[in-house]
1. Return the average number of partner chain Cβ atoms within 10 angstrom of each residue Cβ along peptide B:368-377.
2. Cα atoms only, the protein assembly as shown: Rg and Dmax in Å?
3. For segment B:285-331, what is the Kirkwood hydrodynamic radius in Å, using each pair of distinct C-alpha atoms?
4. When only Cα pairs under 8 Å and 6 or more residues apart are kept, what is the percent relative contact order across chain B?
5. Give the distance, in whole Å, between the Cα centre of segment A:91-122 and the Cα centre of segment A:166-212.
6. Among A:519, A:191, A:158, which residue has its Cα furthest toward the positive end of the charge dipole of chain A, with +1 on Lys/Arg Cβ and -1 on Asp/Glu Cβ?
7. Please tell me which of these pairs span more than 21 angstrom C-alpha to C-alpha: B:16/B:69; A:223/A:253; B:229/B:302?
8. Would you work out the charge dipole size for segment B:302-385 about its Cα centre, treating the Cβ of every Lys and Arg as +1 and the Cβ of every Asp and Glu as -1, and quote it to the nearest 20 debye?
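Values quoted throughout were computed directly from the atomic coordinates according to the rules given, and no laboratory measurement underlies them. All values reported here derive from a predicted model rather than from experimental measurement. Don't worry about glycine lacking a Cβ; one is built from the backbone with ideal geometry, like all the others, and counts go over all protein chains shown.
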Amino acid sequence: MPRDPDTLLRKFHEARWDEQIIFEMSVPGERGILVNEADPKVRKAVGNAASSIPNGLRRKSAPKLPEVNQMRVLRHFMHLSQETMGTDVTIDISQGTCTMKYSPKVQEHMAGRHPGIREIHPLQPAETVQGLLEIIYSLEKFLKEISGMDRFSFQPAGGAQAAYTASSIVRAYHASRKDLERTETITTMFSHPCDAAGPSTAGFNVITIMPDKDGYADIDAFKAALSKRTAAIFITNPEDTGIYNPRIDEFVKAAHDVGALCYYDQANANGMLGITRARDAGFDLCHFNLHKTFSVPHGSMGGAVGALGCAGYLAKYLPVPQVKYDKKKGYYYDYGTKDSIGKVRSFMGNTQSLVKSYSWIMQHGAEGLHETAVCSVLNNNYMMKLLSEVPGVTIHYAPGKRRLEQVRYTWEQLKKDTGVGTEDVMRRMADFGLQHYWTSHHPWVLPEPFTLEPCESYSKDDIDEYVAVLRQISKEAYENPEFVKNSPYNQVVHRVPNPSINEPERIAVTWRQYLKKGLDKKSSSKLQSKRVHS
Amino acid sequence: MSSQRKRSTGEPARRKLGVLVNPVAGMGGRVGLKGTDGAEVTREALRLGAEPESPRRAFEALRVLAPMKDEIDVISFPGEMGEDILRDAGFLPKVIGTIRPGQTSSADTERAAKEMVKLGVDLLLFAGGDGTARDIYRVVGRDVTVLGVPAGVKMHSAVFAITPRVAGDVTMRFLRSPAGDTTEGEVMDIDEVSFRKGFLNARLYGYLRVPRESQHLQSAKSGGTRTEKQVVQGIATELFRTMDKACLYIFGPGTTTRDILAQLHLEKTLLGVDVVVGGRVVARDVNEKQLGLLMGRDKPAKIIVTPIGGQGYIFGRGNQQLSGKIVGRVGKDNIIVVASKEKLASLNGRPLLVDTGDALVDRSLEGYVRVIVGFGEYVMCKVES
């Protein structure tokens, strides 16, 4: 069924396979395809492979894996994949702060199929992986140029690890100066939670600054929190409201005046590429999420990279090894800094992702990066204008001011008028083939929030369709709130009872638990919803 | 907090909803009275042309609930106390008790609440204000989950949904969820007689059990990753690591301070001010004078308080024992404010407020305070008087 050209709405229905759990599909004796036995010469040369495993680590009995033939396995997982709504299936403006931009498939090809990347081992000597090391070295050069920083580490596998690594560097820096009283860091309510969690994990006390009436971090509160105990500030700008803090230099100066370092969480950098630089604003450290701004798909600690940059005087604390270049030696691993905080991830971190970001930056060039920022801001402000006209939507703070790359909206008014809240709207979206949106970090400072980020990848048509869906749901809410509250209708699972999260006796995250709790004896319809959710 | 109801793994039993309307609540507001506590004031309100607010508001909430009318059993008192409005909204309630139409009073509210608890309602939905909440609290305590449809003139208590419609919505979700999550909401009221004379005297009467999501801006099911218990553990640990054996610790009222002391296996009075020295409670439910005696001339003392009610007051509402004199003596540097991040967020950007009765002391407290929100976690909050 084509999309309605007038309303831009689709008659969507998700695939519904009523799929069993793979363990339930098991038939004793069923199996995959047998691989031919190796040549006798090979077998003789290898000997008994199992003997290389220490006795204590060997299984006494075979694992209780499901016995399913290969074709059924394939079908099973294809079915499940059809019951999801990922970036490659839907207009993914929904995940505000995640910068769900299109990741050109050529990058997958480079990172996943190129033998120079796919077939190498992290323990290979540096002289045999010069190509990869050159990519890492060049990518560092690019990010240095983009941020103004002097060195980068690609070990942290995500923004939170970067914040933790930075916290460790902050601690090492103050310790080296025998300044041991600095036990506190400061962050803001609309900064990312990792800016509190990273330092906290590293042992700091964390002070959070609430927003002022315009939505900026309250600078007077910030100044009141600063003291000789302040080790560093960890701050996001623009924060998740999408509002750029124009007084950021005052924050940095005030922090430096008391001897604290300044860390810039640049997970929201998409609207600033080629426009502002962290180092120019005075920051000592910063990080980029390559899995957001630099096109690597999100990977749940798999493919993510929190590229951590710092000013020259902090470079000696960065994790090792670092990739360096010498005319004679070529590219090499440098383990030489005795002040390094050590490793935060094995080897060089998620190197495939570095290849993707390198490729993406090469495709764009300096001007292309600048254009990325401009387009993402333009898209966002176009969308904000459309949404500001949808009944029930409120845009808090800084009225009349443009946002950068994302906006924190709220359905506060819709909830007051109709009883339909953000989670109701979120569920109904799925009926139009859109992924549910992201609300906000917790606790919600603004009621009934939703955060959208239409980065540069999305066309005007994509944005128009997305807004058309929200406009339609708002209309439905005012006309028939119950209808929205009972949604979704065109999904595999009608509605998942959320409070079940609080019921440990009814949750199973492994098959063994599932059997142990006797959940296999319950009715199949109930299990279906439980399964999909957990 | 877990629900009173037993969690069952089979088909859920039919849920019971008690509906209670205080027919005179909210009448005083538009005619400039401060409330309708007491029969005389109610008559005065009627004479001034006041119209009942609560039935209309209860109807708004019930209309939202109407789609589930066949799923639940509804119990109410007759006529204006619930039956009429339920029938208007399409329900067929089981009607209990008797009333004298046009002459209901707080005694009827108490009777109705008591009867409904006896009949085992899962939720008691009432339309009224602070006075109604107090009446209900007096007879049901924390035995049953309660939710207020905001319909009164005074609504300082944290037991009301933000709008009648939301009350209907929360009720529906609570009754449909297999294990409705609850928390404790403050029951506060101001003395109407002194308020009409221009004095505000707000008292904390106790706590009712309410659905968790009625209190906070966000619904519980989407709530953060930490439970209330974990938050309190974090706050308590942070507090304990700085505690000094010789110092007098004056704990203000509230569930947060009670739960903190429970971490030390100390029992705290919920509504009173208790004093702890060297890990032991040395005095319970003290008044201003007793506090003064305990503090002596120069004993080091610290006050631990949490915002009371939805307005963000840390002094002057529900903890008047901590007078200007006491607070002034302890001094700003020795006042420790504790709260969950959720509670601070629910203030919607408003500052913390102080009203100790002593303007000089109030002014000395202004500025910023570091509120303990967890282990090693603080939020800077503005204090205004």
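1. Whole-number average of other-chain Cβ neighbours for B:368-377 is 5.
2. Cα only, the protein assembly as shown: 30.9, 108 Å (Rg, Dmax).
3. Across segment B:285-331, the inverse of the average 1/r is 11.3 Å.
4. That works out to 13 percent.
5. 32 Å
6. A:519
7. Violating the 21 Å Cα-Cα cut-off are B:229/B:302.
8. With Lys and Arg at +1 and Asp and Glu at -1, about 100 debye.
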